[in-house]
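For reference, the structure discussed in these notes is given below.
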Amino acid sequence: MKTAPTKTEGSGEPRSGGSTAGALLVRTVRANMRQYGMLVALALIVVLFQIWTDGNLLKPVNVSNIVQQNSYILILAMGMMIVIIAGHIDLSVGSLAAFVGAAAAVMMVEYDMAWPLALACSLLIGALAGAWQGFWIAYVGIPSFIVTLAGMLLFRGGTQILLEGQSLAPFPRGFQNLSQGFLPEGGPLSDYHDLTVLIGVVVVAVVLVQQWRDRRRQQAYELEVLPLNLFVLKCVAIVAAVLAFTLTLASYRGVPVVLLVMCAILIGLGFVMRNAVIGRHVYALGGNKAAARLSGVKDARVTFLVFVNMGVLAALAGCVYAARLNAGTPQAGINFELEAIAAAFIGGASMSGGVGTVLGAVIGGLVLGVLNNGMSLVGIGTDYQQVIKGLVLLAAVGFDVWNKRKVGT
C-alpha cells in the first residue's frame, strides 16, 4: 500500500526527490512560458551583442543611453499592454504623444508657463484625449481600431497646426531633466554613485521580502510552491541581476530620472492589474466579454478607464520625448504606436486579449531596445534593422499561436 508523501515540518512542502522538483519546475516554466521565454531571449541578445561589440553594449554610459533612448516606448508599451489585454488596440498613441509634446512646447516657449504646470496640463490633455476616444469605443460601440485610427489622423493634424510646421525650443532645464537628468551625486563612495547604490540595496531588500511573503501566502492557501533550493536559486538570480544593473548605473552618473518614473508606473500598474478589482475586470473583459458582463463587470466603464490611462501615458511619453530632444517637433511620434504594439506582443500579449503582464511589456520593449542599440553599435543599417525586428515580432506571435495550440491538445 502506497503512502502519501510526508511534509517537512514548518515548510508546507512534501519531501520529494529530484524528479518531483524537476516536474514542478517544468510546470512553472510552462505556466509562464512566454515571459520566461522572453527573459531568456533578452539575456541571449545581450550576451550576443556584448560579445559582438567587444564589450561596448554593457558599458555604463551605453546602458544609461539604452534606458533613456527607449523610455518613451516603454511607457507607451505598458499602457498598450493593458489596452490589448482588454481586447482593444490603440493606433493613436504616437500622434497623441506628438500632439502633447507640441502643446507643452507652446505652453513653455510661447507663453512662458512654468514647466511643472505645463507638465500637469499636458497630462490633463492626454487624459481628455483618452476620455474622448474611450467614450466612442465604450459607450457608442465604435471599434477601437476605427476610433484610434481617426485619432491618429486628428492628433497628427493638430500637431502640425500647433507648431505651424516648425520646431519650438528650448525648454527649461527642469523639464529637460525629465528625460536627460540623473539623481544628484554626493556621499562617501568615490567610484560609485552613492544614492544609486542605496536604491539598489533597498530594491534588493524589498524584492526578497516580497518573494518570501508571496511564498508564505501560497503555502497558507496550500498552493504549489517551488522547493526551497529552487526558491533560493531564484532569489540569488534576482539579487545578482539587480545588483549588476545597479553597479553598472552607479559607475557612470547614477539612476536616470526617467528610470524612476518608469519604475513608479510599472509598480503602480502592476499592482492594479494583479491586485485591484478593476485589473481583474480588464483581464475578464479580454478573456470573455460576454461572460464578464454576466458576472457583473461594467464593461463600458472599464474600457473607458483603460483608454483614459492610455491617454495619460501617451501624454507622458510625448513629454519625455520632447524633453529628450529639447524641442517640440512636427515629426515626433512617428511609428511609436507600432513600436509599442510590437513590444506588447513580444512581451506576452495575446491577439485574443485577456493575456499579458505590464512587466512583460517592459521586457518586450527592452528586447527591441537592445536589438536597436546593438545593431547600431555593430553598424547594421536601418533597413536590415527593420527586417530583423519584423522577424522577431513574427516569431513572438508565432510562438504564442503554437503555445495555445499545444495547450489545447
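Observations, loosely collected:
- Residue within region 237-249 that is open to solvent by 50 Å² or more (accessible area, probe 1.4 Å) and among the polar types (S, T, N, Q) present: no
- Residue within region 282-298 that is of a type in the set (S, T, N, Q), outside any helix (DSSP H, G or I) and free of Cβ contacts under 8 Å to residues at least 24 places away in the same chain present: yes
- Ile84 vs. criteria farther than 18 Å from Gly318 by Cβ and not small (Gly, Ala, Ser): yes
- Only one of the numbered conditions (1) crowded, with 19+ Cβ neighbours inside 10 Å; (2) farther than 18 Å from Leu266 by Cβ is violated by Gly360, and that is (2).
- Filtered residue count, region 186-208, keeping only those that are of a type in the set (Val, Ile, Thr) and at pLDDT below 90: 0
- Verdict on Ala327 being touching a Leu at 6+ places or on another chain (Cβ under 6 Å), in contact (Cβ under 8 Å) with a residue 24 or more places away in the chain and within 19 Å of Phe175 (Cβ to Cβ): no
- You will find that of Val239, Val209, the residue that is without any contact (Cβ under 8 Å) to a residue 24 or more places away in the chain and part of a helix (DSSP H, G or I) is Val209 and no other.
- For region 331-345, the count of residues that are of a type in the set (Val, Ile, Thr), in contact (Cβ under 8 Å) with a residue 40 or more places away in the chain and buried (at least 22 other Cβ atoms within 10 Å of the Cβ) is nonzero.
- Looking only at residues in region 376-398 that are part of a helix (DSSP H, G or I) and touching a residue at least 24 places away in the same chain (Cβ under 8 Å), the one that is surrounded by the most Cβ atoms within 10 Å (Cβ to Cβ) is Ala396.
- Subset tally (residues that are at pLDDT below 95 and out of contact with any strand residue (DSSP E or B) (no Cβ under 8 Å at 6 or more places or on another chain)) for region 250-259: 3
- Residue count for region 360-387 under the criterion of being among the polar types (S, T, N, Q) and within 18 Å of Ala340 (Cβ to Cβ): the result is 4.
- With respect to the conditions (1) of a type outside the set (A, V, I, L, M); (2) within 30 Å of Leu57 (Cβ to Cβ); (3) over 19 Å from the mean Cα position of the chain (by Cα), Cys263 lacks only one, and its number is (3).
- Criterion applied to Arg274, Arg253 was being touching a Phe, Trp or Tyr at 6+ places or on another chain (Cβ under 6 Å), surrounded by fewer than 19 Cβ atoms within 10 Å (Cβ to Cβ) and either under 28 Å from Asn70 (Cβ atoms) or in contact (Cβ under 8 Å) with a residue 12 or more places away in the chain (or both), and the one residue passing it is Arg253.
- Looking only at region 149-167, residues that are part of a helix (DSSP H, G or I) and out of contact with any helix residue (DSSP H, G or I) (no Cβ under 6 Å at 6 or more places or on another chain) come to 7 in all.
- Ala340 vs. criteria assigned to a loop (DSSP other than H, G, I, E, B), closer than 24 Å to Leu39 by Cα and not hydroxyl-bearing (Ser, Thr, Tyr): no
- Residue that is surrounded by the fewest Cβ atoms within 10 Å (Cβ to Cβ) [pool: residues in region 181-221 that are closer than 21 Å to Ala241 by Cα and small (Gly, Ala, Ser)]: Ala205
- Residue in region 256-271 that is out of contact with any Pro (no Cβ under 7 Å at 6 or more places or on another chain), in a loop (DSSP other than H, G, I, E, B) and either in contact (Cβ under 8 Å) with a residue 60 or more places away in the chain or open to solvent by 20 Å² or more (accessible area, probe 1.4 Å) (or both) present: no
The values are calculated or read from the model by the stated rules, or taken from the named source; none is laboratory data. Just so you know, these numbers come straight off a predicted model, no measurement behind them. Every residue, glycine as well, gets a Cβ built from its backbone with ideal geometry; the counts of neighbours run over all protein chains shown. When the accessible area is computed, the model is the full protein with side chains, heavy atoms only, and any ligands, DNA or RNA have been set aside. Shrake-Rupley method; radii C 1.70, N 1.55, O 1.52, S 1.80 Å.
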